[in-house]
Amino acid sequence: MSEISPSELPRDFASLKALIVARAEELPRRLTQVATYAVENPDEMAFGTVASIAQNADVQPSALVRFAQSLGYQGFSDLQEVFRSRLRERVLNYDERLQQLQDHAKDKSKSSVILDGFSEASSKSIADLRQHIDENQLEQAIAMLANAETIYLVGLRRSFPISSYMAYAFGKLGVRTRLVDAVGGLAQEDVSFATAKDCVLAISFTPYASETVALAQAAVARKVPIVAITDSPFSPLASLATTWFEIQEANFEGFRSMAATLTLAMTLTVAVAERRSTRKGK
């Protein structure tokens, strides 16, 4: 593991995240566990104490110190400052706005607070998507899906509303798809028909539907290209996919928005149909 001089250590979250992902395979199991928690829970890393973060990550407090030092930082507080800088750099702090909504609940009906809270969470999710989407990656995914003979849509549990909507929309747009919904326990059989000329679009978020991961693994074994929508570089789908999108959905009172995921799904659906229509018209 190459050493990084103190002057070259990341002082912004984006660079730190890239460093953590690059070093992940070199870390011992416990430190990999900390790395996964840190990337998926940056706000908790910024605000929590060593004891509370260690408890949530299911590691010993000493593991946080060792994790920070493995990256080149003097200690955990030095690393934590980078996570805190992420919050200071935000133009709009939506978490504070949500807290204000809760604080002012006495002046409004509870239903209004809930509506405002989910509206703000959805707005934040979509704003984050627009800020972080990679246009080259988007074009690659559209090209893969547009070139596929059949698009296999795999999204179970919380992700099922997204995959089922895409199946409906693709059908209306004349794009051949197969919705893998696991009804009757036939999901594996459905994916077994996929070939290298097709494409699988797999969607799953923490704690990751085990069947979705298994179906993606089966597709990879058949050399079927995969486009994935997930929430972390440490997601099992990220390592399986040809290209993948990281979506961070905001939440209100513990309930996560699906606004950004649906926005990306609509973008892919319409863009793929438009690409195929243009190709036919030539």
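No value in this document is a laboratory result; all are computed from the given coordinates. None of these values were measured; they are calculated from a predicted model. Please note: Cβ atoms are built from the backbone with ideal geometry, for glycine as well, and neighbour counts cover all protein chains shown.
How large is ³J(HN,Hα), in whole Hz, for each residue of segment 199-213 in order, when computed from phi with the Karplus curve 6.51 cos²θ - 1.76 cosθ + 1.60 and θ = phi - 60°, using x for Gly and Pro? Taking θ as phi minus 60°, the curve returns 8, 9, 9, 10, 10, 6, 10, 3, x, 6, 5, 4, 5, 4, 4 Hz for segment 199-213.
Modelled label positions at Phe47 and Thr150, each set 7 Å beyond Cα in the direction of Cβ, lie 4.7 nm from each other.
Counting every other Cβ atom within 10 Å of each residue's Cβ, Arg66, Arg222 order from fewest to most as Arg222, Arg66. Using the Cβ-Cβ distance between Lys280 and Glu253 with R0 set to 45 Å, the FRET efficiency works out to roughly 0.45. Rounded to the nearest 5, the antiparallel percentage of DSSP beta bridges internal to the chain is 10%. Proximity of backbone amide H atoms, modeled 1.01 Å from N, is registered between Phe245 and Ala228, Ile229, Thr230 at under 5 Å, excluding neighbours fewer than 5 places apart on the same chain. Ranked for footprinting exposure by Cβ neighbours inside 10 Å, fewest first, Leu71, Leu138 give Leu138, Leu71. Think of the chain as having a plus end and a minus end, set by charges on the Cβ of Lys, Arg, Asp and Glu; of Phe234, Met144, Ala18, Met144 sits farthest toward the positive end of this dipole.
Modelled spin labels at Glu139 and Arg11, positioned 7 Å past Cα toward Cβ, are 3.5 nm from each other. Given the options Leu173, Gln131, Thr212, identify the residue whose Cα lies farthest towards the positive end of the charge dipole of the chain (+1 on Cβ of Lys, Arg; -1 on Cβ of Asp, Glu). The residue sitting most towards the positive pole is Leu173. Residues of segment 249-273 with backbone nitrogen within less than 17 Å of a virtual label 7 Å along the Cα-to-Cβ line of Ala127, please, listed as ranges. In segment 249-273, the label zone of Ala127 (backbone N under 17 Å from the point 7 Å along Cα→Cβ) covers 249-253, 257-261.
Centroid-to-centroid, using Cα positions, segment 215-282 and segment 49-88 are 31 Å apart. Candidate cross-link partners of Lys223 among the aspartates and glutamates, defined by an alpha-carbon separation under 19 Å and a same-chain spacing of 8 or more, comprise Glu149, Glu189, Asp190, Asp198, Glu211.
Only DSSP H runs of four or more residues enter the estimate; each adds -39500 (n - 2.57), and after division by the residues of the chain the mean residue ellipticity at 222 nm equals -18000 deg cm²/dmol. Think of the chain as a dipole: +1 on every Lys or Arg Cβ, -1 on every Asp or Glu Cβ, centred on the Cα centre; then among Cys199, Leu262, Asn251, Cys199 lies furthest on the positive end. Note: relative contact order over the chain, using C-alpha pairs below 8 Å and six or more positions apart, is 16 percent. Rounded to the nearest 20 debye, the dipole size of the chain about its Cα centre is 880 debye, using +1 on the Cβ of Lys and Arg and -1 on the Cβ of Asp and Glu. Note that segment 45-54 has calculated 3J(HN,Hα) couplings of 5, 6, 9, x, 8, 4, 5, 5, 5, 4 Hz, one per residue in order, obtained from phi through the Karplus relation 6.51 cos²θ - 1.76 cosθ + 1.60 (θ = phi - 60°); glycine and proline are x.
Amide H contacts under 5 Å for Arg178: Ile151, Tyr152, Leu153, restricted to partners 5 or more places along the chain or on a different chain, H placed in the peptide plane at 1.01 Å from N. Taking the C-alpha atoms only, the angle from helix 160-172 to the longest principal axis of the chain is near 30 degrees.
Each residue of segment 127-141 was assigned a 3J(HN,Hα) from its phi angle through the Karplus expression (A = 6.51, B = -1.76, C = 1.60, θ = phi - 60°), giving 4, 5, 4, 5, 6, 10, 5, 9, 5, 5, 5, 4, 5, 4, 5 Hz with x at Gly and Pro.
Counting every other Cβ atom within 10 Å of each residue's Cβ, Asp231, Asp78, Asp12 order from fewest to most as Asp12, Asp78, Asp231. The long axis of helix 61-71 is offset from the longest Cα principal axis of the chain by roughly 70 degrees.
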